[in-house]
Amino acid sequence: MRDLPNQRRPRIESAPGSSEGAQRQHFSGIDELLKEAFTRFADQIVAVFECHLGRAETPEQAREAVTDLVHALSEGPRRDLVLAHELYTLAARRAEYRELTQAWMRRRRLLLEQHFDPVTVRQLDALIAGLTLHRSLDGEPHSRELTRLAVTRLTAAPS
């Protein structure tokens, strides 16, 4: 890559004990590096889902776990929000990233399906993504009570 005046080259964060040169030799190109980075990111977010949802034993505990999950994700590192949206953007443009994103979504939904029916889970997964985005970008993020209300409305049995 040719450096342009006043433009810095992207820096590859090195894993502990490995040089940038070693990482460049390990990956055949930027796509392979991005896929690996996004796969690790997806694994990390799925682990957050597992942590929150794994403790729930009742429907009410599952609703509270989803509420906690939205707040944990939206109040977490800004880097995670940026990575999620960069992955979504790449997925909208390129099939190989769409496949990676779809696999990530399936994994999240399988965890949610331990507590909710599949139709509700599809909506709930979208609600989690949307509320996380809105809370993290809003100058005055909504409260836990509003999150809890949205989750309850979506997951409560029809009357």
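Give the carbon-plus-sulfur fraction of the accessible surface of the range 69-159 in %, rounded to a whole number; probe 1.4 Å, heavy atoms of protein chains only. Don't jump to the answer; show the numbers that get you there.
Values: 3040 of 5370 Å².
The C+S portion of the solvent-accessible surface of the range 69-159 is 57 percent.
Heavy atoms of the protein only, probe of 1.4 Å, neighbouring chains included. What is the accessible area of T58 in Å², nearest 10?
Rounded to the nearest 10, that gives 60 Å².
Using a 1.4 angstrom probe and counting only protein chains, how large is the accessible area of R94 in Å², to 10?
My reading of the accessible area for R94 is about 80 Å².
Between E60 and E86, how many nm apart are label points set 7 Å from Cα along the C-beta direction?
So the label points at E60 and E86 sit 4.3 nm apart.
Using the Cα centre of the range 24-156 as origin and beta-carbon charges of +1 (Lys, Arg) and -1 (Asp, Glu), tell me which of F38, T89, T58 is placed farthest towards the positive end of the dipole.
Value: T89.
Tell me, how many Å apart are the Cα centres for the range 101-159 and for the range 33-63?
When both Cα centres are located, 13 Å separates them.
Taking a virtual spin label 7 Å from the Cα of A157 along the C-beta vector, which residues in the range 103-125 bring their backbone nitrogen under 15 Å of it?
Flagged as within label range: 116-117.
Give me the number: length gained by fully extending Q123 to H26, i.e. 0.36 nm times residue separation minus the C-alpha to C-alpha distance, one decimal in nm. Working shown, then result.
Details: separation 97, 0.36 × 97 = 34.92 nm, distance 3.92 nm.
The span from Q123 to H26 would gain 31.0 nm if fully extended.
The values are calculated or read from the model by the stated rules, or taken from the named source; none is laboratory data. Predicted model only: the values in this text are computed from it and were never measured. Don't worry about glycine lacking a Cβ; one is built from the backbone with ideal geometry, like all the others, and counts go over all protein chains shown. These accessible areas exclude ligands, DNA and RNA; they are computed on the full protein's heavy atoms, side chains included. Shrake-Rupley method; radii C 1.70, N 1.55, O 1.52, S 1.80 Å.
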